[in-house]
């Protein structure tokens, strides 16, 4: 009699493995991608790029030295970026840590329209038209979000759309004493 | 307003599905005819509203409604109309809607074509199908709605992924899903039979055409995907043992085993519990495939990896159907005692071996596919299982399978002497051996790799063996029953496939060369002369086109064009290969990179007999189609109608 | 065949199948499990000498060098801690570019990773699951043969 339960048990075990793996992916402890975030704990790449909102001005990371800041890589062509946009807006309101946008391989006109329509969560937005800066940051997809410490080191990285919950979970612990949650 | 109607009709379809499963299952359980009579209209209603929902999404694509997030993410105003339609199933949400549309279409077909079935049995089958629909519709609505609005609307869309902009890919997913989802019908029949507690020859006979239909679609879908990968991905491979491919191949192996096992159960009443198990397995492996490619657990897909909720939901669905049905099986199986016996040499034995080998191959592929995940999850290192593993675990069961197939086709039920066929089979084996040697030595000029001659011989033997009965009947001036003819055709296709695989694996030549305009390279006796490059532009891409003149000796063969395309919106480069097709070989040219010094890298390939791989699959699928049209299935349908009503009472457990 | 002999036969057939499967699987597994190492692990000498393995990292900006007119290409991949030079003499995948994550398949020789297969892993964008395989496919298949 019991041997007839063997197939059910086998699939149950398989389900257990999947649930375990999904759980670990959810906790960020399992990364099925083989290339892990190489920048973590390394000095953040610096850049000087024209601003999207005012092309006559430049966005320079040197001006941010000594402060903690967030870098968010996005593009108007990117669905995941639209998905996370409202979360970014909320985060921008709730924290004093500036968010620097890198508008990746995008059209400036469209980017301005996008920000005008959806709101602008960024303190500054840099236009990375040819994608060279994104390469420095090791970006392989949009959206990606980085947290840079006041000493200029990359503390944390999020690949894929951000949510407020994810923000609190992954980035929250670095922000104590920075005047935001 | 229109997209909201899409959501609304999906919600209505969900409610109707709930009615379909409740009245189907509860009606049969309580034996209430009035409840069971609700099921058919419910099935029709579900189909209408799912189709409406799907139509609305398609309409949003056609009209470039970029206020719908899914449309904005996967289409563009410059995208040609036909690809705007194909883009509907170009990503997760829309392809899920297609999945549901196909499921409800299968249910509609079952409802329409099964009037001869006992009322309670039919109600249960449709009830189970309704339950599956309910699960997937709620999944779509709760986690993956394609109708979610993007406010304010996007100015233009992000375009469809360039590799999807291809005619074969427009039909590949629907075909594949027809097969995937089609296994749900055999599953529902199995669950209905277990619920009723009556698993008999009738059950097997009703299930057979549906299983063959699903198998046929799955075969076509997989072959289309393989063909597409061959020419569109630019590098000329036809099978990669990728997790996504394995996800479709495992249900195919299980359905193939199921078709053969069902034959035994129908004809001899044997292997009943095994057949039930296979019906559950085939659908389980389909669901597993759906889970694996959509949960982000194996294939690194950005937006899925960040959303384990989707993965968990679909995992829960998966476990409900698989573990639920297997538990039901565990309770029913002990009561299923085998029927009559059979001799060691008999059709039953051959089919048993067929099943053992197919299931062994499926299990080994499953292990190879999941092993890296298991290792990674338990922090035992990042590994991958290479294609040689899969080649080996597939080849080792497949070779004896093909050899046995040539003989087993002619074995009689219960006890086979094979005397009547012995001389013919020996003659065919002899001819096949000679043909194989001739193909290898005269056709290709060498013995190739160790298994080459064996592969050719096995392919020829199966093809010849499949022809015995049709030829015999034709000589006698009699027609073969469609089911037998279909079997012969399908097995003939298997032989063609084997020959194609053997030819490519043994004699393909791939050569990467660096050529300047005017330079030549020779591959397999063909001279490829590079004529240089020029810029060209397509509707939504720019490209550099390289032209290559091919000649054999002094005779010009063809001129091929190969492109390196860059799509305007997504800016991803993509190689478009130039292919020359002939009955015995493909010549394949793909443009690589600019090497400096005016040279370009080019990949030149000679692919002997490669077409027989897909042609064989197509012929096998046609065999399936012929078998479905057998009068046996139709005659019973019409004659069995009067018997249905009294029969229904006895099946209600 | 009596039911008992039939059962015996089925059991023997199943056992033979399972046994065959196990032998084949173990043997094939043994030869085809490819471990994955990053450049730091390779620099620390963790990668097996003379054995095929896979390595992954970002292609360092400005490191792609090609002898004009030749197929051979050299580039450096890095995990931002350590770097490894890779040599490859076939056509690079469509999505190969500087700054891109890649996986290479091959072995170490004289301190250089000699690749017989290079895979570009990621697209810039979301990819539909049914065709996500194509990213891995934009490569020379099978590599070794």
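None of the figures in this text is laboratory data; all of them are computed from the coordinates on show. Small disclaimer: the values here were computed from a predicted structure and weren't measured. Ideal geometry is used to build each Cβ from the backbone, glycine not excepted, and the neighbour counts take in all protein chains shown.
Let me know the mean shielding of B:162-175 by other chains, meaning the per-residue number of their Cβ atoms within 10 Å of its Cβ.
Partner Cβ neighbours, averaged per residue: 2.
Given R₀ = 51 Å, FRET efficiency for residue B:59-residue B:598 by Cβ-Cβ distance, to 0.05? Please list the in-between numbers first.
Details: r = 51 Å, r/R0 = 0.99.
The calculated FRET efficiency here is 0.50.
Could you work out how far apart the two model spin labels at residue A:168 and residue B:417 are, taking each label as a point 7 Å from the Cα in the direction of the beta carbon, and quote it in nm?
8.2
Treat each spin label as a single point 7 Å out from the Cα along the C-beta direction, and report the residue A:56 to residue B:471 distance in nm.
Calculated label separation equals 8.8 nm.
Hey, how much of the P(r) for the range C:1-121 falls beyond 20 Å, as a percent of Cα pairs? Numbers along the way, then the final one.
Values: 3850 of 7260 pairs.
Cα-Cα pairs in the range C:1-121 separated by more than 20 Å: 53 percent.
Let me know the volume per residue of the alpha-carbon convex hull for the range A:42-111, in Å³. Please list the in-between numbers first.
Working: hull volume 7.9 nm³, N = 70.
With only Cα atoms used, the range A:42-111 gives 113 Å³ per residue.
Sort the range B:338-414 into rounded, prolate or oblate with this rule: let a ≥ b ≥ c be the square roots of the eigenvalues of the Cα gyration tensor; rounded if a/c is under 1.5, and if a/c is not under 1.5, prolate when a/b is larger than b/c, oblate otherwise. Could the numbers behind the result be given before it?
Numbers: a/c = 6.57, a/b = 2.48, b/c = 2.65.
Here the range B:338-414 falls in the oblate category.
Between residue C:5 and residue B:426, with labels modelled 7 Å along Cα→Cβ, what's the label distance in nm to one decimal, could you check?
2.6
Would you mind putting B:170-181, B:515-526 in packing order, based on average other-beta-carbon counts within 10 Å, highest first? Please report the intermediate quantities before stating the final value.
Details: B:170-181: 23.4, B:515-526: 15.5.
With the highest mean Cβ count within 10 Å placed first, the list reads B:170-181, B:515-526.
How many partner chain Cβ atoms sit within 10 Å of a residue's Cβ in peptide C:63-71, on average, as a whole number? Before the final figure, lay out the partial values.
On the way: counts 0, 0, 0, 7, 4, 6, 10, 6, 9.
Across C:63-71, the average partner-chain Cβ count within 10 Å equals 5.
Once you order the gyration tensor axes a ≥ b ≥ c over the Cα atoms, which shape class does the range B:137-270 get: rounded for a/c under 1.5, otherwise prolate or oblate by comparing a/b with b/c? All intermediate terms of the calculation are to be shown ahead of the outcome.
Details: a/c = 3.58, a/b = 1.62, b/c = 2.21.
The shape class here is oblate.
For the range B:527-631, calculate the relative contact order in percent as a whole number, restricting contacts to Cα pairs under 8 Å that are 6 or more residues apart. Intermediate results must be reported in sequence, preceding the final value.
Details: 187 pairs, mean separation 16.1, N = 105.
15 percent.
Test of understanding: express the Cα radius of gyration of the range B:509-608 as a ratio to 2.2 N^0.38 Å, with N the residue count. Write out the running numbers ahead of the final one.
On the way: Rg = 13.6 Å, N = 100, 2.2 N^0.38 = 12.7 Å.
This ratio for the range B:509-608 stands at 1.07.
Across peptide B:326-335, how many C-beta atoms of other chains are within 10 Å of each residue C-beta, on average? Each step should come with its number before you reach the end.
Details: counts 9, 6, 1, 4, 9, 3, 1, 5, 3, 0.
That average works out to 4.
Decide, for the protein assembly as shown, between rounded, prolate and oblate: order the square roots of the alpha carbon gyration tensor eigenvalues as a ≥ b ≥ c, take rounded if a/c falls under 1.5, and otherwise choose prolate if a/b is larger than b/c, else oblate. Spell out each step's value before the answer.
On the way: a/c = 1.88, a/b = 1.32, b/c = 1.42.
Judged from the Cα gyration tensor, the protein assembly as shown comes out oblate (a/c at least 1.5, b/c at or above a/b).
So, how do all the Cα-to-Cα distances of chain B break down into 20 Å bins, in percent, from 0 on up?
Taking every Cα pair in chain B, the percentages come to 17, 48, 31, 4, 0.
Report Rg(Cα)/(2.2 N^0.38 Å) for chain A, keeping two decimals.
Numbers: Rg = 19.6 Å, N = 181, 2.2 N^0.38 = 15.9 Å.
Normalised Cα radius of gyration, chain A: 1.24.
Taking the range B:362-486, how much of its Cα-Cα pair set, in percent, is spaced more than 16 angstrom apart? The partial results should precede the final answer.
Numbers: 5623 of 7750 pairs.
I get 73 percent for the Cα pairs in the range B:362-486 exceeding 16 Å.
Given an 8 Å cut-off on Cα distances and at least 6 residues of separation, report the relative contact order of chain B as a percent.
Working: 1184 pairs, mean separation 87.7, N = 653.
Here the relative contact order equals 13 percent.
Find how much the distance from residue A:130 to residue A:117 grows on full extension, using 0.36 nm per residue of separation minus their present alpha carbon separation; answer in nm with one decimal. Numbers along the way, then the final one.
Values: separation 13, 0.36 × 13 = 4.68 nm, distance 2.46 nm.
Taking 0.36 nm per residue and subtracting the Cα distance, the gain is 2.2 nm.
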